[in-house]
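To start, the structure under review is shown below, and the notes come after it.
The values are calculated or read from the model by the stated rules, or taken from the named source; none is laboratory data. Here the structure is a predicted model, which means the values were calculated and not measured. Neighbour counts are summed over all protein chains in view; Cβ atoms, including those assigned to glycine, are modelled from backbone coordinates with ideal geometry. Side chains included, ligands, DNA and RNA excluded: accessible areas come from the protein's heavy atoms. Shrake-Rupley method; radii C 1.70, N 1.55, O 1.52, S 1.80 Å.
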Amino acid sequence: MEEKRALTAFSALSQETRLRIIRLLVTAGPEGLPAGAIGEAMDGATSSRMSFHLGHLEHAGLVTSRREGRQIIYSVTYQALSDLIAFLMRDCCQGRPEICAPVVAALSCSCEPDKDQAHA
């Protein structure tokens with residue numbers, strides 16, 4: 001990821017509602033959520049307010065939208081989030097992997113399936 005694109009993404013994420021939207025969409029998974037459901041989750045935000053924030057996130061490449069019937073479904077762009085994390089961590093170790101170990105451990109723990117669900 002180039003620096004200019006990273007700055008655009010960080011700028012989009014530096015606003016509370018947009019950060020909450022990204023976290024919601026990460027939780028929703030690849031299938032995403034309709035704009036109305038996102039608005040409801042954001043304390044009943046108006047459609048114009050949601051359009052404004054979702055437009056910023058889409059412009060930054062952090063979300064994508066698709067039309068399904070009369071609804072617009074928004075999904076997080078996992079590759080963009082991955083690229084953003086890689087951009088931040090690219091030079092972290094400087095030959096000392098113990099520096100990055102806590103970050104790598106935190107990421108791998110959050111991606112492991114729940115043991116109860118794995119055996120169900």
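Brief remarks follow.
- Sole residue being of a type in the set (Val, Ile, Thr) and outside any helix (DSSP H, G or I), chosen from Ile85, Ile72: Ile72
- Residue among Thr17, Thr46, Thr8 that alone is at pLDDT below 95 and not charged (D, E, K, R): Thr46
- From Thr17, Thr8, residue being touching a residue at least 40 places away in the same chain (Cβ under 8 Å), surrounded by 13 or more Cβ atoms within 10 Å (Cβ to Cβ) and outside any loop (DSSP other than H, G, I, E, B): Thr8
- Some residue of segment 39-47 being β-branched (Val, Ile, Thr) and open to solvent by less than 50 Å² (accessible area, probe 1.4 Å): no
- The residues of segment 50-69 that are in a loop (DSSP other than H, G, I, E, B) and either farther than 17 Å from Ala37 by Cβ or touching a residue at least 12 places away in the same chain (Cβ under 8 Å) (or both), listed by number, are Ala60, Gly61, Leu62.
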